[in-house]
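Below is one structure, written out as structure tokens, with a few remarks after it.
The values are calculated or read from the model by the stated rules, or taken from the named source; none is laboratory data. A quick note: this is a predicted structure, and the numbers were derived from the prediction, not measured. We place every Cβ from the backbone using ideal geometry, glycine too, and count neighbours over all the protein chains shown.
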Amino acid sequence: MDFNKESRIFPIAVIREGRLKTQQQGMTLLEILIAMFVLTVGVLALLATQLQTVVAVREAEGQTIVAQAAQNLIEGMAINPVLCKNSIPGCEDVMLPGDSDDLIRRRNDAFRPQLKVNSKSETLSYRFSNPIKVRSCSKNAWCKKNKTDLNKRQILEDHLGKFEDTLFKGLPEADIYYIICNDKSGVKPTINNNVMQPNCNGGAKDPISIKVAWQQNVERSDGSGKVVYSYQVRVAE
């Protein structure tokens, strides 16, 4: 009786052992290559996502720095306005019907008035025709350090100089250009071959805009190895 039990158990053990052996299989070379390919694609996709995030963060940071600097400049322009009255040549372009002959702030520096400084005429206008590449105050004569007795032209230059210095220090790795012009198109500025294209389209009666464009090296680059960003804002009346 005991022998029969052992004889019944033994064949079953052999069958189970045989089944275990038939279930053990290794990976073929093709399967290994496919697994490696899938893993590589996944890693590359993750890296691409991270790089895109870095680029987006850098752009947002630059936009914030430029926007704050432009707002400070606009506030400076507001406290250093160009005043006009009917008896001043050129003011007729910006005066409104019914204005008295008292000095009135009308269309900030729209007619580019002149100020006599040491027998030399200086323009009292924040606007200029050609884009400027920003400089630090250490290399910019417009910055009036430790000076308190300033005329309107010097105040204007100090505002522009400090605006440039803020951008220069805020984005030290970028090439930054800007212009203040009349523009009604709203077309953003660009940079081609290290030259800013401001895309200003407007006359003296059109809104004044501050346009800034900067380029810097990033992981996602165009043929020149740099990406161009831009910011523009209109100066309130």
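Could you tell me which of the residues Asn130, Asn86, Asn80 is at pLDDT 85 or above and not acidic (Asp, Glu)?
On the way: Asn86 fails: at pLDDT 85 or above; Asn80 fails: at pLDDT 85 or above.
Result of the check over Asn130, Asn86, Asn80: Asn130.
The rows are residues; the columns are (1) at pLDDT 85 or above; (2) in contact with a strand residue (DSSP E or B) (Cβ under 9 Å, 6 or more places away or on another chain); (3) part of a strand (DSSP E or B).
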position	(1), (2), (3)
Gln52	no, no, no
Gln63	yes, yes, no
Gln68	yes, no, no
Trp142	yes, no, no
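Within segment 175-186, restricting attention to residues that are crowded, with 20+ Cβ neighbours inside 10 Å and modelled with pLDDT under 95, the residue that is farthest from Ala70 (Cα to Cα) is Asp183.
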